[in-house]
Structure formats: C-alpha cells, structure tokens
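Input: a single structure, listed below in structure tokens.
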Amino acid sequence: MTFYEELQWRGLVKDVAGEDIADKLNNEKVTFYWGTDPTADSLHLGHYSSLVTAKRLARAGHHPILLCGGATGLIGDPRPTAEREIMAKERLEKNLAGIKSQVDRIFEGKAEIVNNYDWTKDYTFLEFLRDIGKYINVSYMLGKDIIARRLETGITFAEFSYTLLQGYDFLHLFRTKNCIMQCEGADQWGNITTGLELIRKIEGKEAYGFTMPLVLDKYGNKFGKSAGNALWLDINKTSSYELYQYLVNVDDSMVIDYLKIFTFLTKEQIEELEAKNREHPELREAHKALAREIITDLHGAAEYDKAVDISAKLFSGDLKSLSLKDIEIGFRDVPTVELKEEGKAIIDVLVENKICGSKREAREFFAQGSITCNGEKISDENTPVTKAMAIEEKVIVVRRGKKKNFILKF
C-alpha cells in the first residue's frame, strides 16, 4: 500500500486538486501547509484530526508549515449561519500564543509555524486590490458554497473578502517557501481553490490541495465550539480523564473510523482491534486503544496512566486514595453543595440540600446501605459531617444509590 493509498484507506482524502497528487505524495518531498484562525486560546479535537494528518505527512518526509491566522482571524471565516464576532487584537494575541505552543508540542518542535499577519500588515488596501483582487471574478466568489448560503441572510464585505486573504496566503507561501500544497478540512475547499486560482493566474504554475472529511460525532455534529461539544487540547480545559471518558464511550460504529483518523496504528493493528470489537464489544479494546493513542500523543503516557487510574478508582468507589484535584476533575459536572458549618447530622445535610426528598426517604437509603461518603457506607443517620471525613478537608463525595453523586464542599 502506497502512502497515498493509506491516506485513502484511513478516509482522509475527500476533495483533490492536482492530477498527479498521488505521485507527489508517494515519490517526492513537498512543502505543504495547514492553517487555522486563533478563535480560541486552544485547539480542539476537530483540529487535532487535521494536525494528525499533517503529522502523518511529516513522518512520510514532507515539510509541514502550520499557519496561525493572525490576519484572517481579525476578519473571520464566514460561517454558514451567522457572522463571526470581531475579535480584539489583545485576545487574538493571547490565542495565538496558546495555539503556537500546542502545535509546537504536538510536532515536537519540528513544524514551521508562521503567522499571516507578518505578510499582510504592511500591504495597503489599494495594493491588495490591484495585485490580488483583479484576478478573482465576483461570480467565482459567489459560487463558493458558504458565501452562496449566506447571501440570503446577508454577508458583510469583510467576510466576503476572506477567501481572497486565504488565497493570498497560499500564493505567498508558494512564492517564498516553495509550498505547493494545502491540506485542510472539507469546509475549506472553497478557500483552497481560490489560492490555486491565484497561483495559476499570477505565477502561471499549478499547485495542489486536498481536503479531509470533517470528523463528526454519532449525531452528525462537528467537533467544535459552535456545536457545543468541544474537547480541548489544552489539558486545563479538558482533562486527560475527561478525554479518556469520552473516547472509551464513543459509539461502537465510530471507533474504527476514529482509530484510522486519529492514530498512527497500522492497518494490521486496526483490523485486529476491529475483529476484537466485533467479537467482544464489552471489552472495549478498540476504544481503550483510541484513548491511549490520542492522550499519549497530546499529553504523554503518564497522563494516560493517570486517566485510567482515576477512572478505575471512581468506578470502584475507592475515592479516599484520590487527590482533591482528581476529585474535582472526575466530578466536574456533579451538583455541588457549599457547607458553611461542620458537625451537622448527615440526614439533615441530605434533606436540607435536597439530596434526599425527605427524612423518610433518606432513612430508606440508609437502611439499604445506599448512602456512601467518599466510598464508605454510612449507616448511622446521625453521623456528623466534618472536615475530618473530607478529602484534604475540603470535599466529600456523597453517592445516593448506584449512580447519583453529589459534592459537599467546605
């Protein structure tokens, strides 16, 4: 299987420009670029699918340029539904720093990182119109899918011009760095072809491009901020444990596709996991491999081991051996009650904070052994709730029944 055939087998090739692109990728060493606008101070899992593909190309001997859109980020790529918020320069600079740091870490310092603000900040409006705008027909721009969809609801001139800016990025990198290929998510096809058109008309040469299908969850939604399901690459925004929980619970129908897209496991390894998943889905070996590969690549093996350890201890109820930080990570979305005093009987704490509906209901849970504090069963309803029973004297995890968890916080 050639390198290009592997890309196809992994489902990483959607739209293609350049008839001999397979030959270029299989037999030559090309410079290519992938870009993103700094709309947040961290990339997310949707971006990571493209970064892994760029890293895959780099491992095959191609030279990666990762473009952070300091200029295009000030304008905003048109969305299908509404105009993007104009971002303050200070926030953009903060976002740029965060993204550059993540890219540098993922590529182990081997990717060339550029900022398109560097070659547009001194380019006057008149020069841009004369040098670039004259080569792209308005009807051509109106034919772009997202622009066409926005015409009914309205699109600003700034957003309408975005494709010219990104097209100019490709032209600039082609001229200055011999970058002959752009690789992006499928929603960027219109912008890629604008760059190809400028290179053809101005330089009289052909360039290449391909898009990767957008990675969707089981509901058909993109991984992204606007979809409300962002899984951040910043460990302080999405912990390794949260990432682990998401990945080991992805739908069975998606896990093999995700292994192909997100990991560097071989075809043979993935097919073996596919067989195991088919024969013994309850073991979730494919899901665990997916979590291991992604978390290890992003945050290191120690973080993966920590995520597995926290998950096992939370599942078994062995909470006392976890740190306060581990508890906060594992129970981030659990209802939290602030305790202003200690020593009150636990039955009163449960009822006053609506963890149990009444004392009668609470007593039924006590009788069934269904109330635990930090993994230990509580049978005496008059047990005083104190800092001494809390993890690091701060937090008590109360479990009511098999699945309902609550946090008592001093």
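Pairs meeting the criteria (first residue in region 28-45 and among the small types (Gly, Ala, Ser), second residue in a loop (DSSP other than H, G, I, E, B) and surrounded by fewer than 20 Cβ atoms within 10 Å (Cβ to Cβ), beta carbons under 6 Å, at least 6 apart or on different chains) are 42/234; 42/237.
Here's the yes/no breakdown for (1) in a strand (DSSP E or B); (2) within 21 Å of residue 240 (Cβ to Cβ); (3) under 31 Å from the mean Cα position of the chain (by Cα); (4) not small (Gly, Ala, Ser):
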{"position": "310", "(1), (2), (3), (4)": "no, yes, yes, yes"}
{"position": "329", "(1), (2), (3), (4)": "no, yes, yes, yes"}
{"position": "348", "(1), (2), (3), (4)": "no, no, no, yes"}
{"position": "355", "(1), (2), (3), (4)": "no, no, no, yes"}
{"position": "360", "(1), (2), (3), (4)": "no, no, no, yes"}
{"position": "365", "(1), (2), (3), (4)": "no, no, no, yes"}
{"position": "379", "(1), (2), (3), (4)": "no, no, no, no"}
{"position": "399", "(1), (2), (3), (4)": "yes, no, no, yes"}
{"position": "407", "(1), (2), (3), (4)": "yes, yes, yes, yes"}
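Output yes when any residue across region 339-346 is modelled with pLDDT under 85, part of a helix (DSSP H, G or I) and of a type in the set (A, V, I, L, M, F, W, C), and no when none is. Lay out the reasoning, then the answer.
Here is the first cut: in region 339-346, the residues modelled with pLDDT under 85 are none.
No, region 339-346 contains no residue that is modelled with pLDDT under 85, part of a helix (DSSP H, G or I) and of a type in the set (A, V, I, L, M, F, W, C).
Those helices (runs of 4 or more DSSP H) of region 247-299 in which at least 1 residues are over 18 Å from residue 218 (Cα atoms), considering only elements entirely within it, cover 267-279, 285-299. Is it fair to say residue 400 is charged (D, E, K, R) and touching a residue at least 24 places away in the same chain (Cβ under 8 Å)? So residue 400 passes the test. Scanning region 1-16 for residues that are assigned to a loop (DSSP other than H, G, I, E, B), surrounded by fewer than 14 Cβ atoms within 10 Å (Cβ to Cβ) and hydrophobic (A, V, I, L, M, F, W, C) returns a single hit, 1. I'm checking my understanding of the structure. Among residues of region 186-217 that are assigned to a strand (DSSP E or B) and under 16 Å from the mean Cα position of the chain (by Cα), which one is modelled with the highest pLDDT? Filtering region 186-217 for residues that are assigned to a strand (DSSP E or B) and under 16 Å from the mean Cα position of the chain (by Cα), the one modelled with the highest pLDDT comes out as 212.
For region 72-94, a residue qualifies if it is within 14 Å of residue 160 (Cβ to Cβ), touching a Ser or Thr at 6+ places or on another chain (Cβ under 8 Å) and either surrounded by fewer than 18 Cβ atoms within 10 Å (Cβ to Cβ) or modelled with pLDDT of 85 or more (or both), and the qualifying residues are 79, 83.
Among the residues that make up region 218-233, is at least one of them in a loop (DSSP other than H, G, I, E, B), crowded, with 22+ Cβ neighbours inside 10 Å and in contact (Cβ under 8 Å) with a residue 24 or more places away in the chain? Checking region 218-233: at least one residue is in a loop (DSSP other than H, G, I, E, B), crowded, with 22+ Cβ neighbours inside 10 Å and in contact (Cβ under 8 Å) with a residue 24 or more places away in the chain. Screening region 142-185 for residues that are part of a strand (DSSP E or B) and of a type in the set (A, V, I, L, M, F, W, C) and picking the one that is farthest from residue 31 (Cα to Cα) gives 183. Counted as qualifying within region 17-104 are the helices (runs of 4 or more DSSP H) with 3 or more residues that are under 16 Å from the mean Cα position of the chain (by Cα), namely 45-59.
The values are calculated or read from the model by the stated rules, or taken from the named source; none is laboratory data. Small disclaimer: the values here were computed from a predicted structure and weren't measured. So basically every Cβ, Gly included, is an ideal-geometry build from the backbone, and we count neighbours across all protein chains shown.
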